[in-house]
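FYI, it's all coordinate maths here, none of it is from the lab. Just so it is clear, the model here is predicted, and its values are computed rather than measured. Using ideal geometry, Cβ is built from the backbone for each residue, glycine included, and neighbour counts are taken over all protein chains shown.
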Amino acid sequence: MKLALLSDLHANRQATEAVWAHAQEQGIDQLALLGDYVDYGADPVWTVDFVRDQVRQGAIAVRGNHDDAIDGHGSADLAGHVMPSLDWTRQQLSQDQHVFLTCLPLTATLGPCLLTHANAHDPVNWGYIHSRAEATRSLFSTDQRFVFCGHMHQPCLYNLTATGKSGEFSPVAGVPIELSPARRWLAIPGSVGQPRDGNPAACYALFDTDSETLTFHRVPYDHEEAARRIIAAGLPAHHAERLKHGH
């Protein structure tokens, strides 16, 4: 099975459409959406509808912290610069869309995979995985061999041996990585809608469960148009600038 892993769409229609087209070209069998579908970008209505339609067709989706904040939960924990776009997003979405987002689960499992937005050890409090120590904590908190998280906006891959030794990779786009059965793995595919590693191209990953290989992808898209739409909507200009420079 080829499992596409998309995270942090952040209401970026142009990036989401480009990534989805690329994923379909790879012949994917299943889609996992790792949260944060709204905020920052100018197309929350379209993006929530995209996620909802994919779930109806069998995709798995979990809730992110920005999705959770739509009804006020956890919004106090978000940085102050998020509030204008979050308030605007709330006004754009229908009540049904609010309910859909806030009722999504925090975690889901698919075979040997655990899917979550922030981390596996304490998903409700949205802690980031900045290091091998935090990745190891998440891997120790579950029996699943593979953990897939979003939240960080930068692609990364961690592993843990049976003796507790941890490792970390910075993946190269388009190069399949064999996930050794002697180790357990935690992967962060990066952000579709707002990459923050200095590369404006959208991120996602593809996991082949048969060969147990993971491939990180970068997909160029019209980030200038996505930025223009943010400005046209009256949203903060720095959300648009981030798209142009990927940070």
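Points worth noting:
- Test: residue in the range 143-155 that is of a type in the set (Gly, Ala, Ser) and under 20 Å from the mean Cα position of the chain (by Cα): yes
- If the condition is being part of a helix (DSSP H, G or I) and within 21 Å of residue 189 (Cβ to Cβ), then the range 216-238 contributes 223, 226.
- Close contacts from the range 124-144, counting a first residue that is hydrophobic (A, V, I, L, M, F, W, C) and a second that is part of a helix (DSSP H, G or I) and surrounded by fewer than 20 Cβ atoms within 10 Å (Cβ to Cβ), with Cβ to Cβ under 8 Å and a gap of 6+ residues or different chains, come to 126/77.
- Sole residue being in contact (Cβ under 8 Å) with a residue 24 or more places away in the chain and over 24 Å from residue 66 (Cα atoms), chosen from 150, 174: 174
Per-residue answers, yes or no, for (1) in a strand (DSSP E or B); (2) in contact with a His (Cβ under 7 Å, 6 or more places away or on another chain); (3) surrounded by 22 or more Cβ atoms within 10 Å (Cβ to Cβ):
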site: 180; (1), (2), (3): no, no, no
site: 184; (1), (2), (3): yes, no, yes
site: 193; (1), (2), (3): no, yes, yes
site: 197; (1), (2), (3): no, no, no
site: 204; (1), (2), (3): yes, yes, yes
site: 211; (1), (2), (3): no, no, no
site: 214; (1), (2), (3): yes, no, yes
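- If you go through the range 15-71 and keep only what is farther than 18 Å from residue 92 by Cα, under 17 Å from the mean Cα position of the chain (by Cα) and among the basic types (Lys, Arg), you end up with just 63.
- Matching residues in the range 111-139 - criterion: being farther than 19 Å from residue 8 by Cβ, aliphatic (A, V, I, L, M) and surrounded by fewer than 21 Cβ atoms within 10 Å (Cβ to Cβ): 133
- Here residue 218 meets each of (1) among the charged types (D, E, K, R); (2) over 18 Å from residue 28 (Cα atoms); (3) under 18 Å from the mean Cα position of the chain (by Cα) with one exception, condition (2).
- Criterion applied to 52, 63 was being assigned to a helix (DSSP H, G or I) and either in contact with a helix residue (DSSP H, G or I) (Cβ under 7 Å, 6 or more places away or on another chain) or of a type in the set (D, E, K, R) (or both), and the one residue passing it is 52.
- Candidate set from the range 140-151 (those that are of a type outside the set (Lys, Arg) and out of contact with any Ser or Thr (no Cβ under 8 Å at 6 or more places or on another chain)); member that is surrounded by the fewest Cβ atoms within 10 Å (Cβ to Cβ): 143
- Filtered residue count, the range 1-49, keeping only those that are in contact with a helix residue (DSSP H, G or I) (Cβ under 8 Å, 6 or more places away or on another chain), in contact (Cβ under 8 Å) with a residue 40 or more places away in the chain and in a strand (DSSP E or B): 2
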